[in-house]
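A.B. asks: Below is a structure I'd like to ask you about.
Where a number appears in this text, it was derived from the coordinates with a stated rule and is not lab data. It should be emphasised that the depicted structure is a prediction, and the values quoted were computed from it without experimental measurement. Please note: Cβ atoms are built from the backbone with ideal geometry, for glycine as well, and neighbour counts cover all protein chains shown.
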Amino acid sequence: MNTKIKTLNKAVGNGLTPITRLTTDIPGNKVTHDKKIYSSMFEIFGRVQGVYFRKHTLNKAKELGLNGWCMNTQNGTVKGILEGPQDLISEMKLWLQHKGSPRSIIEKAIFTPNEPIANYNFHSFTVRR
């Protein structure tokens with residue numbers, strides 16, 4: 001992960017003192033402070049094939065900065081793996097369970113517990129075919 005460093009000027013007395021902060025410390029940045037990464041597998045049941053569910057899942061995962069993959073199964077479900085900080089995985093799980101694509105009907109979502117991992121196994125989030 002490339003962390004950018006920003007120099008901010010803070011008024012101190014009569015002058016300005018440069019302050020160096022990581023961009024992760026600046027309010028509004030979507031980068032989490034939690035350096036630990038986790039992995040969770042998921043399977044989503046219902047009307048989730050033929051409704052652009054995987055495309056919307058890909059877009060949401062990229063928006064959150066998660067790694068992993070998703071794919072259609074022969075049973076009519078969508079399954080995959082999520083990797084990233086625990087808070088972002090939790091946000092993605094809620095999205096998978098309650099929102100999905102506009103035309104999807106989610107009947108059930110199954111997730112494995114978040115397991116800590118030492119390193120990412122995937123460099124981005126992809127759709128497998």
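A.B. asks: When Lys and Arg each count +1 and Asp and Glu each count -1, what net charge do the other residues less than 10 Å away from F42, Cβ to Cβ, add up to?
C.D. replies: Working: positive: K79, K93; negative: E43.
Residues close to F42 contribute a combined charge of +1.
A.B. asks: Work through the residues other than A61 whose Cβ is under 12 Å from its Cβ and net out their charges, Lys, Arg +1 and Asp, Glu -1. Could the numbers behind the result be given before it?
C.D. replies: On the way: positive: R54, K55, K60, K62, K93; negative: E63, E83, E91.
Around A61, the surrounding residues sum to +2.
A.B. asks: Here's another thing I want to ask about it. Tell me, what ³J(HN,Hα) does each residue in the stretch 64-77 have, in order and in whole Hz, if you take phi through Karplus 6.51 cos²θ - 1.76 cosθ + 1.60 with θ = phi - 60° and put x for Gly and Pro?
C.D. replies: Result, rounded to whole Hz: 7, x, 8, 10, x, 7, 9, 7, 6, 10, 6, 8, x, 9.
A.B. asks: Going by a ≥ b ≥ c, the root eigenvalues of the Cα gyration tensor, does the stretch 41-99 fall in the rounded group (a/c under 1.5), the prolate group (a/b larger than b/c) or the oblate group? Provide the component values of the computation, followed by the final result.
C.D. replies: Values: a/c = 1.81, a/b = 1.76, b/c = 1.03.
Judged from the Cα gyration tensor, the stretch 41-99 comes out prolate (a/c at least 1.5, a/b above b/c).
A.B. asks: Further question: Using a simple spin-label model with points 7 Å from Cα along the Cα→Cβ vector, what separation in nm is obtained for Q86 and E63?
C.D. replies: 2.5
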